[in-house]
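The values are calculated or read from the model by the stated rules, or taken from the named source; none is laboratory data. Please read all numbers here as calculations on a predicted model, not as lab measurements. Heads up, the Cβs are rebuilt from the backbone with ideal geometry, glycines too, and the neighbour counts pull from every protein chain shown.
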Amino acid sequence: MPSPLLSEPLTLPCGAVLPNRIAKAAMTEGLADRNLHATKRHETLYRRWSDGGAGLLITGNVMIDRNVLERPGNVAIDPAPDHGDPAGMEGLRRWAQAGTRNGNHLWMQISHAGRQSPRYVTSRPVGPSAVQLELMGNYAKPRALKEAEILDFIQRFANVARIAKEAGFTGVQIHSAHGYLLSSFLSPVTNQRNDRWGGSLENRARFLLETVRAVRTAVGPEFPIGVKLNSDDFRKGGFSHEECLEVVRWLNDEGLDLLEISGGTYEQPRLLGHRGDASTAREQDVAVRRSTLEREAYFLDYAEGIRKVCDFPLMVTGGFRTRSAMEEALASGNTDVIGLGRPLCTDPDTPRNLMDGTINETVRHEDNLQLARRGLFSPASPLLPLKVINVLGGQAWYYQQIFHLADGEAPNLKLGIPRAFGSYLADELKTAFRMKRGSKEAG
Ligand SMILES: Cc1cc2nc3c(=O)[nH]c(=O)nc-3n(C[C@H](O)[C@H](O)[C@H](O)COP(=O)(O)O)c2cc1C
């Protein structure tokens, strides 16, 4: 039976209309060329996702600083010298055209990785303060940003948004979740500044709020702007749910069109339904999951509180797998848009099939993507490196599926985790090397 709830259009505050309530959440592609420009593989991938029927596609993070990427192979748009075409405009135009070919929206997620940029990308990450991410030695100690650099980054966010609009993207999303730069400014653990960018919540949120204002000025009143925000960092001493509610109240005044709720950071990867190292977890976060609905959608219970204070549309992402849970969430009014990530890597037609009633639930491949459910490699392993390899192995598997789609192929559901992990590592290192050579030649 078709789903009128999922198929209903949504008019955003800026006047733009999403044709339905399903959004493909941002997923990093790793497909850029050595100039960090978009390629034909982006076109193929987003053409496929556009055909899948989601009303909104959000790109993987596009970086504002080519030196501090979330991953080699990120698209970056920054003012660095770059063969005379810093934005790679032609590639962006083609990407935007391919990804909107069914009348759906395509928003560019704009991001800075902050301290979560691996060593094989940079030995000099940046952050609010020099607080290192301790994760298997893979992240160097960040340098605290100077105020002039923060102001420059705000303008870069705005500049990239302007370029996205010019290239044909139909909106932008500012990435302020998952521990990346904007999100790390919100957290008292990573932000230990005592200037006007740190200390009180008002100061910690200043970078995000000023970025939203600059982006709005750059794109005008009729262009959709979204923000992705953690409902909670789920980290001892980190950005809390109460603080999230306060930031959302402030965001109400900024003319936003969509707030996407997620949660967690690399230390506590709750965005993917995983728990991180016990030493950084908060006691009370040993969550009591009461209903099937809560078990399925990781952040829906948080969205209920956020809905009460948020005056503009909400999107909730993370763990949605059944049509009934999605419909129930929409009917409750606690979200306006359902965000889906991993299911679209293994079946890009998931949105259409859910809306027309061909399927009642998405496949839950992630349940099988563990090297081991018990023992040292299990998610409950007391040994952090093994636990991390397990989570990364699952993630690597999805990266490989994205590569298959980008090459015009079907996903390879028979792919094993060790092979996916090996290919991922080899590809990351090769791409990092190619990227560094590209930037030397350009510079
Ligand atoms: C392969 C992969 C890449 C991701 N890349 C990003 C990203 O670039 N930006 C972002 O905000 N979230 C990213 N995420 C998180 C997703 O947007 C989403 O929050 C998460 O997958 C939970 O949704 P799901 O349970 O439907 O997969 C990524 C997730 C996956 C699986």
### Task
Taking Asp232 as the residue in question, decide whether it is within 16 Å of the ligand (Cβ to nearest atom) and of a type in the set (Asp, Glu).
yes
### Query
If you scan the range 306-343, which residues turn out to be within 11 Å of the ligand (Cβ to nearest atom) and of a type in the set (Lys, Arg)?
Arg321, Arg342
#### Entry: Hits in the range 31-40 (condition: in contact with a helix residue (DSSP H, G or I) (Cβ under 6 Å, 6 or more places away or on another chain) and within 15 Å of the ligand (Cβ to nearest atom))
Leu31, Ala38
### Query
Across the range 161-173, what is the total count of residues that are surrounded by fewer than 24 Cβ atoms within 10 Å (Cβ to Cβ) and either within 16 Å of the ligand (Cβ to nearest atom) or within 18 Å of Glu210 (Cα to Cα) (or both)?
1
### Test for Gly276: is it away from the ligand (no atom under 14 Å from the Cβ), more than 20 Å from the chain's Cα centre (by Cα), under 26 Å from Asn138 (Cβ atoms) and assigned to a loop (DSSP other than H, G, I, E, B)
no
### Elements of type helices (runs of 4 or more DSSP H) contained in the range 148-256, each with 2 or more residues being over 22 Å from Ala26 (Cα atoms)
201-204, 206-219, 241-251
### Query
Which residue out of Gln132, Gln155 is in contact with a Phe, Trp or Tyr (Cβ under 7 Å, 6 or more places away or on another chain) and either within 21 Å of Phe223 (Cα to Cα) or away from the ligand (no atom under 16 Å from the Cβ) (or both)?
Gln132
### Task
List every residue pair whose Cβ atoms lie under 7 Å apart, where the two residues are 6 or more positions apart in sequence or sit on different chains, the first residue falls within the range 207-236 and is under 16 Å from Val248 (Cβ atoms) and modelled with pLDDT under 95, and the second residue, located anywhere, is of a type in the set (S, T, N, Q) and away from the ligand (no atom under 15 Å from the Cβ).
Asp232/Ser240; Asp233/Ser187
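Yes or no, residue by residue, for (1) among the charged types (D, E, K, R); (2) touching a Gly at 6+ places or on another chain (Cβ under 8 Å):
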| position | (1), (2) |
| --- | --- |
| Glu246 | yes, no |
| Arg249 | yes, no |
| Asp253 | yes, no |
| Asp257 | yes, yes |
| Ser262 | no, yes |
| Arg275 | yes, no |
| Ala281 | no, no |
### Message
When you scan the range 32-54, do you find a residue that is more than 16 Å from the chain's Cα centre (by Cα), small (Gly, Ala, Ser) and at pLDDT below 95, even just one?
### Response
no
### Message
What's the total number of residues in the range 1-52 that are in contact (Cβ under 8 Å) with a residue 24 or more places away in the chain and either small (Gly, Ala, Ser) or in a strand (DSSP E or B) (or both)?
### Response
16
### Query
Does Ser240 satisfy the criteria of being under 24 Å from Pro269 (Cα atoms) and free of Cβ contacts under 8 Å to residues at least 12 places away in the same chain?
yes
### Query
Out of all the residues in the range 344-362, which are away from the ligand (no atom under 12 Å from the Cβ) and assigned to a helix (DSSP H, G or I)?
Arg352, Asn353, Leu354, Met355, Asp356
### Message
Just checking, does the range 87-98 include any residue being basic (Lys, Arg), surrounded by fewer than 24 Cβ atoms within 10 Å (Cβ to Cβ) and closer than 26 Å to Leu340 by Cβ?
### Response
yes
### Matching residues, the range 100-119, being assigned to a loop (DSSP other than H, G, I, E, B), surrounded by 14 or more Cβ atoms within 10 Å (Cβ to Cβ) and under 21 Å from the mean Cα position of the chain (by Cα)
Thr100, Asn104, His112, Ala113, Gly114, Arg115, Gln116, Ser117, Pro118
#### Entry: Residue in the range 72-82 that is surrounded by fewer than 24 Cβ atoms within 10 Å (Cβ to Cβ) and within 16 Å of the ligand (Cβ to nearest atom) present
yes
